[in-house]
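These notes concern the structure reproduced below.
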Amino acid sequence: MEKSIKFIYKDETFEFPLVGGTENELGIDIKTLRALTGLVTLDPGFKNSGSCESGVTFLDGEKGILKYRGYSIDDLAKGADFLEVAYLLIFGELPTSAQLEKFQSDINEEAIVDEDLKTILKSFPKTAHPMGILASLTSALTAFNPSSVDVGSEEEMYQAIVTILAKFPILVGWTQRKVKGLPLNYYDTKLSYVDNVAQMMFKKPNSEYTSNPIVIEALNKLLILHADHEQNCSTSTVRIVGSSHAGLFASISAGISALWGPLHGGANQAVIEMLEAIKEDGGDTKKFMAKAKDKSDPFRLMGFGHRVYKNFDPRAKIIKVAADEVLNELGIVDPVLDIAKGLEQEALSDSYFVDRKLYPNVDFYSGIIYRALGIPTEMFTVMFALGRLPGWIAQWKEMRENNEPIGRPRQIYTGETNKVLKTIEKR
Ligand code: CMC
């Protein structure tokens, strides 16, 4: 196997080592490029650039493979609990029962939020987008908890991780209750982590909460499927913010903002809105397909395409089956599920989508399940954030433990040069 790559610039040959990953990926290590040649690379959107070496998540976009710490996403979605997957991502190994019990009990211990946070929540208008509320409340947590972590201390690191894992679902629950105008309720240490999420969102003030196993299983699966996805936009944001040694909660709050956009996590909300719009318009999927292909129309088929997957998104396959199962089990008939399936069929046989390797992604069917579970559309991306939390934590921890340098890309300057300052009257 080649060990390095050579290139010639101004008649001089430069050699750069190749770096190999455990799944046989190869990259060029250009750490010395600028020092040796004076050149920088230009790669908007980082389509070709690796920002780090990471042992958390592997994905092969060509083959449609996704693994967390070496475990396939199919196996984890079928046979694991979300908290076990969180532990796996963050600490590198699946927990033993004793480790899981301690983890759950440490989380239970921290599952309290300062009452003053309610004042902040109260001051948001009901129309505020839940992602904005969640990002703000997460950032506000720094005011009530230690805002920085001594990464050299295993104990402090563990405590910060358990604290955010414990408090975040409460913020998610409160965000939903704010939107719905319901009284805020609390984490119940008798229930599991995922059951608590459901309980905090759905418990009515006038009746007992009874857990529905279909809802819990579906939520558990969705959270696992969203738990990490290597160096995507929000994760890169968390790593880059954390690289300035900003605290864990502040870095995660930045990740929430990055996730909000419709090209990233916000796509799950955009998909349902698109499917609803197609339904309202009479269900003519062909018309919307034509719009998506028309380069003069900004409309995109939401829930389609992916930066890395150039084959089926393995998460989308699992979610599509789950959507059918959950709707059947709950006895729900949702016409947008048929519209989604119709759109998928058309896209898979349309040369525009086939040539560009555009397949349904994780967000295409997830909203249909969230909706069946009674989660409001504008909360969908919040659910994505809850699922992604362990991934953000794991990636932040890895970045700090590897002592990565501050993230600070270069640029090619294309602005004005040497302009002469004129007084305001002469401009
Ligand atoms: N509908 C129509 N055309 C599309 C779509 C789409 N959904 N996605 C990509 N294309 C076209 C795009 O116009 C371009 O065509 P051309 O080569 O003729 O200029 C080509 O496909 C490549 O697209 P790109 O924008 O250069 O690809 P990218 O890797 O920069 O973007 C993406 C990836 C996910 C942002 C994009 O596919 C997209 O906007 N999809 C819709 C939004 C969406 O579903 N996002 C969720 C992504 S998965 C979950 C997550 O990341 O959170």
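The values are calculated or read from the model by the stated rules, or taken from the named source; none is laboratory data. This structure is a prediction, so every number in the text was calculated from the model and none was measured. Cβ sites come from the backbone with ideal geometry, for glycine too, and all protein chains shown count toward neighbours.
What to note about this one:
- Looking across the stretch 324-353, the residues that are under 22 Å from residue 66 (Cβ atoms), within 16 Å of the ligand (Cβ to nearest atom) and not aromatic (Phe, Trp, Tyr) come down to 340, 344, 347, 348.
- Here 411, 395 are screened, and the one residue that is crowded, with 19+ Cβ neighbours inside 10 Å and among the polar types (S, T, N, Q) is 395.
- Hits in the stretch 230-239 (condition: assigned to a helix (DSSP H, G or I) and surrounded by fewer than 21 Cβ atoms within 10 Å (Cβ to Cβ)): 233, 236
- Residues being more than 9 Å from the ligand (Cβ to nearest atom) and crowded, with 20+ Cβ neighbours inside 10 Å - total across the stretch 354-365: 2
- Pairing each residue of the stretch 82-101 that is under 17 Å from residue 54 (Cβ atoms) with any residue that is of a type in the set (Lys, Arg), provided the two are 6+ apart or on different chains, yields C-beta distances under 9 Å for 88/69; 89/69; 90/397; 91/397; 92/69; 93/69.
- Residue 281 meets each of the listed conditions (1) within 26 Å of the chain's Cα centre (by Cα); (2) without any contact (Cβ under 8 Å) to a residue 24 or more places away in the chain apart from (1).
- Tabulated pairs, the stretch 299-312, first hydrophobic (A, V, I, L, M, F, W, C), second surrounded by fewer than 17 Cβ atoms within 10 Å (Cβ to Cβ), C-beta under 6 angstrom, 6+ apart or interchain: 299/291; 308/61
- Considering 187, 158, the condition of being crowded, with 21+ Cβ neighbours inside 10 Å and hydroxyl-bearing (Ser, Thr, Tyr) is satisfied by 187 alone.
- Every test in (1) without any contact (Cβ under 8 Å) to a residue 60 or more places away in the chain; (2) within 16 Å of the ligand (Cβ to nearest atom); (3) assigned to a helix (DSSP H, G or I) is passed by residue 216 save one, and that test is (2).
- Once the stretch 183-220 is narrowed to residues that are of a type in the set (Asp, Glu) and farther than 18 Å from residue 387 by Cα, the residue that is modelled with the highest pLDDT is 188.
- Tabulated pairs, the stretch 361-377, first closer than 20 Å to residue 305 by Cα and touching a residue at least 24 places away in the same chain (Cβ under 8 Å), second more than 14 Å from the ligand (Cβ to nearest atom) and hydroxyl-bearing (Ser, Thr, Tyr), C-beta under 8 angstrom, 6+ apart or interchain: 367/377
- Among the residues making up the stretch 306-323, those that are within 12 Å of the ligand (Cβ to nearest atom) and either surrounded by fewer than 21 Cβ atoms within 10 Å (Cβ to Cβ) or among the basic types (Lys, Arg) (or both) are 307, 308, 310, 315.
- Condition met for residue 100 (buried (at least 16 other Cβ atoms within 10 Å of the Cβ) and in a helix (DSSP H, G or I)): no
- Test: residue in the stretch 266-275 that is under 22 Å from residue 383 (Cβ atoms), within 13 Å of the ligand (Cβ to nearest atom) and surrounded by fewer than 17 Cβ atoms within 10 Å (Cβ to Cβ): yes
- Residue under evaluation residue 242, criteria (1) crowded, with 20+ Cβ neighbours inside 10 Å; (2) away from the ligand (no atom under 16 Å from the Cβ); (3) within 23 Å of residue 375 (Cα to Cα), criterion not met: (3)
- Test result for residue 137, surrounded by 14 or more Cβ atoms within 10 Å (Cβ to Cβ), in a helix (DSSP H, G or I) and in contact with a Ser or Thr (Cβ under 9 Å, 6 or more places away or on another chain): yes
- Cross-chain or 6+ apart pairs with Cβ under 8 Å, the stretch 225-241 first and touching a residue at least 60 places away in the same chain (Cβ under 8 Å) and on the phi > 0 side of the Ramachandran plot, then assigned to a loop (DSSP other than H, G, I, E, B) and more than 10 Å from the ligand (Cβ to nearest atom): 230/54; 230/56
- The one condition from (1) outside any loop (DSSP other than H, G, I, E, B); (2) within 16 Å of the ligand (Cβ to nearest atom); (3) of a type in the set (Gly, Ala, Ser) that residue 227 does not meet is (1).
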